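Only one structure is covered here, and it is reproduced in the block below.
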Amino acid sequence: MREVAIVAAGMTRFGELWESSLRDLFAEAASEALASAKADRLDSIYVGNMAAGQFVGQEHLGPLMADHLGMAGVASVRVECACASGGAALRSAFFEVASGASDLVLAAGVEKMTDGADATAVLATAADQELEAYHGITFPGLYAMIARAHAKAHGTTDEDMAWVSVKNHKHGALNPKAQFRREVTVAEVLGSSMVADPLRLLQCSPVSDGAAAVLLCPLDQAKKYTDRPVRIRASALATSTMALADRKDPSFLDAVKLSADRAYKAAGLKPSDVHVVEVHDCFAIAEICCIEALGLVEVGKGRHAAREGLTALGGKVPVNTSGGLKSKGHPVGATGIAQAIEIFEQLRGEAGERQVKNARIGLAQNMGGSGASSVVHILERV
């Protein structure tokens, strides 16, 4: 297969974007990426999106987005993998370029969540309908059970989880495109409303609108579009059981470990080689579980990482320098692409106040459901 590079990126700000429609958000992000590369054509488009049909009543996104971008006729298809739809779209684009089938492919993600649909009910469709949703379980409830399992197995406390939120809000305050650009304290997190015991409001990612896009081409053609390409060194996907109750250990995200192990093997790297990481912190406990499954810390030790500064800017392995889903926002179809953009900017030295010094290898981990699917990409500065 051919080596593949990301040569350009575009992203809207995340938040409650009442003034923009689903298609407008996509076009804004995609147009920014194309303009950055001075590209006026595409061979193919992948649109990561979880639930536009339920959120805004719009399906058949492939041709719609190509048309709104002024590229009707281009091969364009929607990719759905719950909250990992963006990561799955990037993986699809990666393999299309790597295979030699296409030379210039756009991987994008978009979601419009604030136009009136019941977001909690829509998101619950990514759980097992017969074994979970039918009985009234929602994702805050599922991750609350993960948090309780982690507490029972490893002693994780409410304060441990609060430190994850504090750290990510501190990073997000430095991100001009983040939904929540303010710092919070441990006391504020622990004093916020209970959502699903033990998870509180400030330990949960928000409902968001937004879009993100990256442009991919063969590495040996990248200099036509940029003088600072970023190589996609590995792309891996794995799955677990849909129902949380079917897992051997609900406190451990086995799909994250599988996808990470496959990515490390493909890249010829180990966890200690990675300089900056974006993980899927849909809830504070998710970041703790993800960094354990990625091998960044020992299993059971993830609860200490944020409190001790290990995963903060300036720490041993900065995690969620963008602010993560918690502070940056979580328009579910766009999240995986936005994570890749943060790593792309870090490796190019373009992250501003969030810049990780001398970052050369970065990892983005995007997750669907309660960990039923996980996509990992490893990127490298060239």
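Laid out as a table, the results:
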item: Count of the range 35-52 residues which are in contact (Cβ under 8 Å) with a residue 60 or more places away in the chain, within 24 Å of Pro176 (Cβ to Cβ) and either aromatic (Phe, Trp, Tyr) or surrounded by fewer than 24 Cβ atoms within 10 Å (Cβ to Cβ) (or both); result: 3
item: Scan of the range 312-322 for residues that are farther than 18 Å from Ile378 by Cβ and either touching a Pro at 6+ places or on another chain (Cβ under 7 Å) or surrounded by 18 or more Cβ atoms within 10 Å (Cβ to Cβ) (or both), ordered by number; result: Ala312, Leu313
item: Single residue of the range 112-131 satisfying the filter (surrounded by 23 or more Cβ atoms within 10 Å (Cβ to Cβ) and touching an Asp or Glu at 6+ places or on another chain (Cβ under 7 Å)) that is nearest to Val74 (Cα to Cα); result: Lys112
item: Search result, residues across the range 99-150 that are under 14 Å from Ala245 (Cα atoms), in contact (Cβ under 8 Å) with a residue 60 or more places away in the chain and of a type in the set (Asp, Glu); result: Asp128, Glu132
item: Looking only at the range 170-194, and only at residues there that are of a type in the set (A, V, I, L, M, F, W, C) and surrounded by fewer than 20 Cβ atoms within 10 Å (Cβ to Cβ), the one that is farthest from the chain's Cα centre (by Cα); result: Ala187
item: Any hit, the range 265-282, residues being part of a loop (DSSP other than H, G, I, E, B), of a type in the set (S, T, N, Q), modelled with pLDDT of 95 or more and assigned by TED's automatic domain parsing to the domain that holds Ser165; result: no
item: Test set (1) surrounded by 15 or more Cβ atoms within 10 Å (Cβ to Cβ); (2) without any contact (Cβ under 8 Å) to a residue 24 or more places away in the chain - Lys167 fails condition number; result: (2)
item: Of residues in the range 56-96 being hydrophobic (A, V, I, L, M, F, W, C), out of contact with any Ser or Thr (no Cβ under 9 Å at 6 or more places or on another chain) and over 17 Å from Ile341 (Cβ atoms), the one surrounded by the fewest Cβ atoms within 10 Å (Cβ to Cβ); result: Ala72
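The values are calculated or read from the model by the stated rules, or taken from the named source; none is laboratory data. Only a predicted model underlies this, so the values are computations on that prediction, with no experimental measurement involved. Using ideal geometry, Cβ is built from the backbone for each residue, glycine included, and neighbour counts are taken over all protein chains shown.
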